Every structure is written in C-alpha cells, then in structure tokens.
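Trainee: Provided herewith is a single structure, encoded as structure tokens, for subsequent inquiry.
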Amino acid sequence: MNTERFAAQFPQMQWDAATSSWIVPHQSLLEIALFLKTDPEFRMDLLSNVAGVDWLSSKEKVRGEDGKPVERERPGYLEVVYHFYSVSAKQGPIVLRCRTDGRATPILPSITPLYRSAEFQEREIYDLYGIVFSGHPDLRRILMWDEFEDFPMRKDYVSPDDYEWEPTPHDDVLERARQHRREEERRRA
Amino acid sequence: MLDLGGANAADGEILDAPLYGPRSYRVFGDDALAKHFLEISMGPHHPSTHGVFRMDVVLDGETVVRLKPVFGYLHRNHEKLAETMSWLAAIPYTDRLDYFCSMTNNWAYVLAVEKLAGIAVPERAEYIRVIVGELTRLVNHICLAGFLLADLGALGTPLLYAFREREKILDIFEEISGARMMCNYMRFGGVRVDLSPEALQKIHRIAERFPFFLDEFEALVSRNEILLSRCQGVGVLPRHLAVNAGVTGPMLRASGVDYDLRKVDRYGIYDRFEFRVPLGEHGDVYDRYMVRILEMRESVAILRQALAQIPEKGEIMNPQAKLRNLRPKPGEIYSRIESPKGELGFYLISDGGPCPYRYRVRPPSFINLTVLEDMCLGQKIADVIVIFGSVDIVLGEVDR
Amino acid sequence: MFGLELLRGLAVTARNLIGSYFSGDRMVTVQYPEAARPTPENFRNFPFLVYDERPEELRCVACKICEKECPPQCIYIEQRRDEKGRPIKQPEVFDIDLAVCMSCAICVEVCPFDAIKMDHQFDHPTDNRFSGLLADKWKLARSNQYYHSIRPAEAAEVDARLAAEAAKKAKPAK
C-alpha cells in the first residue's frame, strides 16, 4: 500500500506515529473513507472495528513563548477509532481516528452510509459515550434501556447507587444499603 | 408515518432537537395502513431466540416488512468492568462473552495483550492453543447445526446427537482446565496447564471418530427433503452486502467471500497447517449450514496435523511472562482472530497503568446481526426463526 | 424419490437407539444422583484454605494478594493482631462470598504460599442466599490430607516444593 500517496491526497490528516494511525478532522472523514473504499489500490471494503475512546482533560507540559516549559490544560475530547481492512486485496489495517470538539456536545459524522458495519457500532458508541453521529439512519440506545440518561463508558461516569443494588456481605454496597434505609426512615418520620 | 428519529435530518435539526435521551420511533400512525400491518414483539422469551433477544417485527399477513433487533438484556458493561481491573483479571470475564467458545475468547484477548506487551509464546503452548481452538470450533459448529435443526422443528434428536459429541470434547476441557465451559485456560505467554498424554490420547480419538459422527449426522439430516425446502433460497445474503456490513466468519464465507483470518493473518502458528476454506455459493441458510459442516472437517484435519507436529515436551509458559502486575508500555493494539463465530477482535489501549485504559471487544455475533433485517425482509415469519438461527449468535457476546 | 432421505435419517436414529445399549460412545449420560461421573483432578469449583495440622493454623498468612487480584472481589481478609496491635501472620477473618465467586482459580494461581486451593465439592445447598453462601475461614479450612485425597498429583508436588523451601530456609540459619 502506498500510504504516501494517501497522505499527499489528504494533507489535512495528521500521522500519529505512537499509535500508527491517522488523525482525521471530522469534516473530511467521509471523504477520506470514500477514498479508501473506492481507490483501486486500497480497496478497504471492510470496516472492521469502530471504537469510542474517552480522553479526559489533563495537564500537559509544553514549551512556552520564552522557551520555558509551561503547564497547560489540555482539553478533553472523545475519540472514535476506525479500523479498515481490505477483504478483496487482503491487506490492512488502516486506522483513522476522529476527535470531537470537547466533551460537552460531541458530534461526528456517521460513516454508516458508506459502511453498514458501523450501524450498530455507532449506536453502541452513542449509547455508551454519548457521541451523536449526524446522518445515522436510526440513532437510538442499543445496549442500555431507552430511559437511561447517562453514558456509562465515559471515564467520569459515576454509577448511581439507588437502584439494582443487592446487599452482599463485606461490601460497600451493604453500607450504601444501610444508608439508604436510614434515609428512607428519616423521610418517613 | 415512519419517524426514524433524526434519520434524514440535517445537522442543524439534530442540534435543535434534544441532544440526548431516548429516540423512540413510531411505526404506525392512525392511518389506514395500520389496519393491514401487524407489529409483534418476538422475544425476549421466545424459545428459539437463543437467549434473551427480541425482534420488533412488522408483518403484512405472514410476510415480514420490517424487523428491528432489540437487545441489551444481558448487558453488564464488560468493557467498563475490564477497565477497572488488572489485565489478568479480565481473562475469566472473556470466558463469559461467547460462552460456547471460551477458549477462543481467551486466545483473542491473550494474543492482543501479548502483542501489546511483546511477550513470546513457547512452541508447545502455541500447538496447544491451536488444538483447543479447533476443538472449540467443533463444539460451536456442531451445536449451531443442532440448534438450527431444532429451530426448524427437528426437536431433540439432532441437537442431542450434537450435544453428545460436544460432551466428549467438554470432558477434555474439564480435564485440562478444570471447567467445562468457563475454561479460563490461557495466560499471557502460554497456557495454564499442560496437556497430559492421556488428554492427548483422547483428542486423538476425537480426531479419529469425529468425521464418522459427521457422516452420520449428515446422513440424518443434510439431504432431508424438509430441510432442503426450508433452507434453500431462504435468507439470501448477497456478497457485497456481507462485506459492507462487516459480516465475518462462516456467514461471510457462505456468501462466497474467501476471507478466513487463519489464512489471511496467519496468527499463532496457523501458517504451518494445510487446510481448505469452504465457500458457499448462494449465501442462503443451507449454505451457512453446509459451510459449517465442511469447516468442521477441515478443523479435524488441522487437529490431526497439530497432534502429529506437537513437540513431545517443552515449556507451556514463557518464564519471563509476569502473571501479576503486568504493565504494558503505553500504546494501543487491535488484534483479531478467527473465532468460530467470526472475527473476534480486541482493541486495547494501555496508559502504562495496572489496568487497561480502553478495552474494546469487537464481537462477531453483534455485528453479524446488522444484516438480520436485510435477510428477513420479504420472507415469511416462520423463516425468520431459521434465518436468525443460521446467523449463529450468543447473547453473552452480543450484549456484553 | 421423495421421502427416501427421511427413511435414511430414520435408519440413523434406529442405529443410535440400539447402539446406545451397547456402545459407550453413543451413551454418554449417567443417572445422576445414583451414579456420578468421576471428577477429573483439575476440576475446580470453590476455593478452600489448606492447613497442615490444626485448623487454627492455616497456611494463609493474610498477605491479601488474592483479595486484590480476585476479579469479582469476593474475598475479604482481616489480619489477626496480638494484644499490642502487632500483626500476626494469620487471618482473623477470611470470608469468601460463594454467591459472587466465579471459580476462576486466579486466587490459587497468585497465592505464593500454596494456601488456597480449589475444591471438588460443587453442591452448596442453603436456605439463605446471603449468609448461607458466605463461607468463613472455619467453613473454608480443609486439611492437607483432604487436599491429597482430591488432587493427589498436585498436592504431592506442592508438598515437595514446600519441603524444599523449608530446607533452603533452614540452611542459612546454621
């Protein structure tokens, strides 16, 4: 595979050597995926895996204007990683990563019109990470129930303790259960 | 009438709509069509849904006009669980993904971590992995054939014959790993227990006897007139759709696409074995059944070669491999194997800590369900059961 | 001819029916409560704690490695302390919640003292699913002889290794 041609075709991509993947701006994700799918050399017809990743905001050290290292807040973002393989040419993978702008209202384009295999996987990411895929034909929760409100795979998810608990010995669940019972009694009184 | 919850909405509209929360879709309004169509909910307690699985089926008479799979009843957020525990502690949880094939699940996860952390596997352990992996394939495919026939109405007999043979293989698993289904057998850098000469002898016997059993099983049903008329030409999956929808495993090969990861990726030591990849021609239910039967014969061939080549003695664990406190260097890996159901992949990100930063399973049966609606549209409701049975899913893996 | 294959299939079932009276290959089940199948040595169910002489002196030193590594977190350990509050190498409390335990045997693998092993007993009938399935250290304690009786090969190997370690420790003391 001539990845240099690929890189030259789309200068907006960025090669991430640590993970051997291309960081793709979400405006051109569909364009790039279409190229990978239709180009006679690549023929990436199988989108094998679509995975969401949550990166919380963190401190990072960068060199400031005066050359001294400055600590800076790196904003958090959500990321979707696509693994492309070629069934007809038996090659791959090509890995694309697409990042959202921040974690508050994450929106990415849906790749389902090009690859049906993303249909359920994008629904799963929407369900567990809360990334909205614009253009997805049927974006609903898939694993959690429809009334569920939070996004459990996010790193800052706090599990609620007021339902589906079962007292097991020597567990903080037991302590939580006692607390709930006290609260319940207080409310009744 | 059909409100698909933002299906064709432009970006702006989606922004205006409430971003999160349930997006319900209504199938019917109060118009005249409602009189003709019937929406039924098949499952989650339907006996042939292979677990707790539900299909929202819209029927026009007996013909399916719409089918939406609904699942998540077994959801336990396996991925989140694994992100809170050590790399080692996730292995027993992978058993519970596809509980018919715990050995290959172990293998897929362990292989991914070995690639991530750069752990070598001794020769004998590689052979043992191939042997138990192929035995798992036998277990899975023969059970699928039995379940498929039970779905067709052949209640009992073929399924129990299949389970009888499975029992012999599970006995071997119990002997080497201590449990019949939740084997928890592989470790980073090898396998946990060595195969004793007696166990090898039993596997020899399986490799010898299994083709005869398959002959008998095929004599029982493979050319049965009822089976032919119920399966042939039903639930056709065209080749281009199969690839585009990410369908993998025997289902993809039944549609005539030559893609077997044992041949393509040659993970482990699969480059040392000679075997053929059976391909279907029509992509219907009968092809999916037949491809699995033929694949079992090839698995037996691999078993025979592995048993002939396995070194007499040798290490089964890499002595450098650490059991506890594994901390791979920061990085990520996507590694996949050909599990009996299809491409089972593990996408792992390590941040150098004691537990995975991101642990993602690419479950084959989950993604193979994408095309369920396409295969069922226009078919009769009774065929939905058969088509669904030929997809070969395990809800433990679909829901995770 | 239509129906020929049906007859062929019926011949197979007839062969299996008759064969099941003669061949063990065609009849793999047993009448369970009356006849049980032998459990292989490697069979694992729930863990137990090994003691050498007296049940009060377990091999366990309360190092809490298994508690930390247990995937479903079903082990709870408290170390024993003497009157002055100094730790003694014995567990005061060693509880396993059998309702949570998933028999993965990771505790056995990580234990550096060969103190916890997997049992063969698979039936634990109880009328209380909380306290009835909570095994304390007295319920878990089993003698080394018992360990030998269910896993002879493995127990002999463990005994030899422990003896070698003890001999090694005794040498520098001279």
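Trainee: log10 I(q)/I(0), Debye, Cα-only chain B, no solvent, q = 0.07, 0.08, 0.11, 0.12 Å⁻¹?
Mentor: -0.35, -0.45, -0.84, -0.98
Trainee: Hey, another quick one. Any idea what angle helix B:381-391 forms with the longest principal axis of chain B, computed on alpha-carbon atoms, 0 to 90 degrees, nearest 10?
Mentor: So the helix axis and the longest Cα principal axis differ by about 20 degrees.
Trainee: Could you work out the helix-only [θ] at 222 nm for chain B, with each DSSP H run of four or more residues adding -39,500 (n - 2.57) and the total divided by the number of residues, to the nearest 500 deg cm²/dmol?
Mentor: After summing the helix terms and dividing by residue count, I get -13500 deg cm²/dmol.
Trainee: To the nearest 20 Debye, how big is the dipole of the stretch C:38-170 about its Cα centre, given +1 on the beta carbon of each Lys and Arg and -1 on that of each Asp and Glu?
Mentor: Rounded to the nearest 20 debye, it is 360 debye.
Trainee: Please report, in debye to the nearest 20, how large the charge dipole of chain B is about its Cα centre when each Lys and Arg carries +1 at its beta carbon and each Asp and Glu carries -1 there.
Mentor: Here chain B has a charge dipole of around 1140 debye.
Trainee: What number, rounded to the nearest 500 deg cm²/dmol, is the helix-based mean residue ellipticity at 222 nm of chain C, given -39500 (n - 2.57) per DSSP H run of at least four residues and division by all its residues?
Mentor: For chain C, the value works out to -9000 deg cm²/dmol.
Trainee: Another question about this same structure. How many nm separate the modelled label positions at C:Phe130 and A:Glu185, each set 7 Å beyond the Cα in the direction of the Cβ?
Mentor: Each label point lies 7 Å from its Cα, and together they span 1.4 nm.
Trainee: Taking chain B as a Gaussian network, Cα atoms linked when under 10 Å apart, which of B:Ala207, B:Ala242, B:Ala179 shows the biggest mean-square fluctuation?
Mentor: B:Ala179
Trainee: In terms of the Cα gyration tensor, with a ≥ b ≥ c the square roots of its eigenvalues, is the stretch B:59-154 rounded because a/c is under 1.5, prolate because a/b exceeds b/c, or oblate?
Mentor: Oblate, since a/c reaches 1.5 and b/c is not below a/b.
Trainee: What nm value, rounded to one decimal, do you get for the distance between B:Ser196 and C:Thr39 when each label is placed 7 Å out toward the C-beta?
Mentor: Taking the two extended label points, one gets 1.5 nm.
Trainee: Just going by the charge dipole of the stretch B:318-400, with Lys and Arg at +1 and Asp and Glu at -1 on Cβ, which of B:Met375, B:Leu395, B:Ile333 is farthest out on the positive end?
Mentor: After comparing all options, I get B:Ile333.
Trainee: Ok, one more. Report the paramagnetic label zone for B:Val52: residues of the stretch B:374-400 whose backbone N is under 19 Å from a point 7 Å from Cα along the Cα-to-Cβ axis.
Mentor: Only B:393-400 fall inside the zone, counting backbone N under 19 Å.
Trainee: Radius of gyration and Dmax for the stretch B:203-251's Cα atoms, expressed in Å?
Mentor: According to the Cα coordinates of the stretch B:203-251, Rg and Dmax are 16.0, 41 Å.
Trainee: So, one more: Per q in 0.13 1/Å, what log10 I(q)/I(0) does a Debye calculation on the alpha-carbon atoms of the stretch C:38-170 return?
Mentor: -0.56
Trainee: Once B and C are treated as a pair rather than alone, how much accessible area drops out, both sides summed, in Å² to 100, probe 1.4 Å?
Mentor: Interface area, both chains combined: 3000 Å², rounded to the nearest 100.
Trainee: Under the rule a/c < 1.5 gives rounded, and otherwise a/b versus b/c splits prolate from oblate, where does the stretch A:18-60 land using the Cα gyration tensor?
Mentor: prolate
Trainee: How much space per residue, in cubic angstrom, does the convex hull of the C-alpha atoms of the stretch A:1-101 take up?
Mentor: Here the figure is 115 Å³ per residue.
Trainee: Now, a different point. For the stretch C:38-170, what % of the accessible area comes from carbon and sulfur atoms, probe 1.4 Å?
Mentor: Its accessible area is 54 percent carbon and sulfur atoms.
Trainee: Taking 41 Å as R0, compute the FRET efficiency from the Cβ-Cβ separation of C:Thr13 and C:Asp123 and round it to 0.05.
Mentor: 0.75
Trainee: Right, another one. A:Ala7 versus A:Trp145, label points 7 Å from Cα toward the beta carbon: distance in nm?
Mentor: Between A:Ala7 and A:Trp145, the simple spin-label model gives 5.1 nm.
Trainee: Another question, if that's okay. Can you give the extra length, in nm with one decimal, that the chain gains between B:Glu312 and B:Ala120 once fully stretched, where that is 0.36 nm per residue apart less the Cα-Cα distance?
Mentor: Gain in length upon complete extension: 67.2 nm.
Trainee: Something else now. Applying 1/(1 + (r/R0)^6) with R0 = 35 Å to the Cβ-Cβ distance of B:Glu218 and B:Arg66, what FRET efficiency is obtained, to the nearest 0.05?
Mentor: 0.45
Trainee: Now for a different question. How large is Rg over Rh for the protein assembly as shown, taking Rg from the Cα atoms and Rh as the Kirkwood inverse mean of 1/r across Cα pairs?
Mentor: 0.98
Trainee: Applying a 10 Å radius around every beta-carbon, put B:148-154, C:149-155, A:47-53 in order of their mean neighbour count, most first.
Mentor: A:47-53, B:148-154, C:149-155
Trainee: Compute the acute angle (0 to 90°) between the alpha-carbon long axis of helix B:102-117 and the principal axis of greatest extent of the alpha-carbon atoms of chain B; round to the nearest 10°.
Mentor: That helix lies at roughly 70 degrees to the long axis.
Trainee: Run the numbers for C:Gln79 and C:Arg26: contour at 0.36 nm per residue of separation, minus the present Cα-Cα distance, in nm.
Mentor: The span from C:Gln79 to C:Arg26 would gain 13.7 nm if fully extended.
Trainee: Let me know the shape class of the stretch C:96-155, please: from the alpha-carbon gyration tensor, a ≥ b ≥ c as square roots of the eigenvalues, rounded when a/c is under 1.5, otherwise prolate if a/b is greater than b/c, or oblate.
Mentor: Prolate shape, in that a/c is at least 1.5 and a/b is the bigger ratio.
Trainee: While we're on this one: Given the whole protein assembly as supplied and a 1.4 Å probe, what does the accessible area of C:Met27 come to in Å², nearest 10?
Mentor: Its accessible surface works out to 90 Å², give or take rounding.
Trainee: Counting only other chains, what is the mean number of Cβ atoms within 10 angstrom of the Cβ of each residue in peptide A:138-149?
Mentor: The per-residue average across the peptide is 6.
Trainee: Something else about it: Treat every Asp and Glu Cβ in the protein assembly as shown as -1 and every Lys and Arg Cβ as +1, leave all other atoms uncharged, and give the resulting dipole magnitude about the Cα centre to the nearest 20 debye.
Mentor: Using Cβ point charges on Lys, Arg, Asp and Glu, the protein assembly as shown gives about 1920 debye.
Trainee: Could I ask something else about it? Enter the angle in degrees (range 0 to 90, nearest 10) between the Cα long axis of helix A:118-129 and the first principal axis of the Cα atoms of chain A, meaning the one along which they spread out most.
Mentor: In chain A, helix A:118-129 runs at an angle near 40 degrees to the longest axis.
Trainee: Follow-up question, since we're still on this one. Averaged over peptide B:183-192, how many Cβ atoms belonging to another chain are found within 10 Å of each residue's Cβ?
Mentor: 1
Trainee: Given the convex hull over the Cα atoms of chain A, what projected area results after averaging over all orientations, in nm²?
Mentor: That works out to 16.9 nm².
Trainee: Which one, C:Thr39, C:Thr29, C:Thr126, has the greatest fluctuation when you compute a Gaussian network model over chain C with C-alpha springs under 10 angstrom?
Mentor: Its mean-square fluctuation being the largest, the pick is C:Thr29.
Trainee: Can you list the lysines whose alpha carbon sits under 19 Å from that of B:Lys341, skipping same-chain ones fewer than 8 residues off?
Mentor: Cα-Cα hits under 19 Å: B:Lys263.
Trainee: How many Cβ atoms of partner chains, on average, are near each residue of C:97-106 if near means within 10 Å of its Cβ?
Mentor: Other-chain Cβ atoms within 10 Å of each residue's Cβ, averaged: 5.
Trainee: What ranking of B:Glu298, A:Glu79 comes out by heavy-atom accessible area, probe 1.4 Å, highest first?
Mentor: B:Glu298, A:Glu79
Trainee: Now for a different question. So how far, in whole Å, is the C-alpha centre of the stretch C:115-174 from the one of the stretch B:252-300?
Mentor: Taking the Cα centre of each part, the stretch C:115-174 and the stretch B:252-300 sit 46 Å apart.
Trainee: In a Gaussian network model over chain B where Cα atoms closer than 10 Å are linked, find which of B:Val243, B:Val361, B:Val57 has the largest mean-square fluctuation.
Mentor: B:Val243
The values are calculated or read from the model by the stated rules, or taken from the named source; none is laboratory data. Keep in mind that what you see is a predicted model, and the values were worked out from it rather than measured. Please note: Cβ atoms are built from the backbone with ideal geometry, for glycine as well, and neighbour counts cover all protein chains shown. In case anyone asks, the SASA skips ligands and DNA or RNA and just uses the protein heavy atoms, side chains included. Shrake-Rupley method; radii C 1.70, N 1.55, O 1.52, S 1.80 Å.
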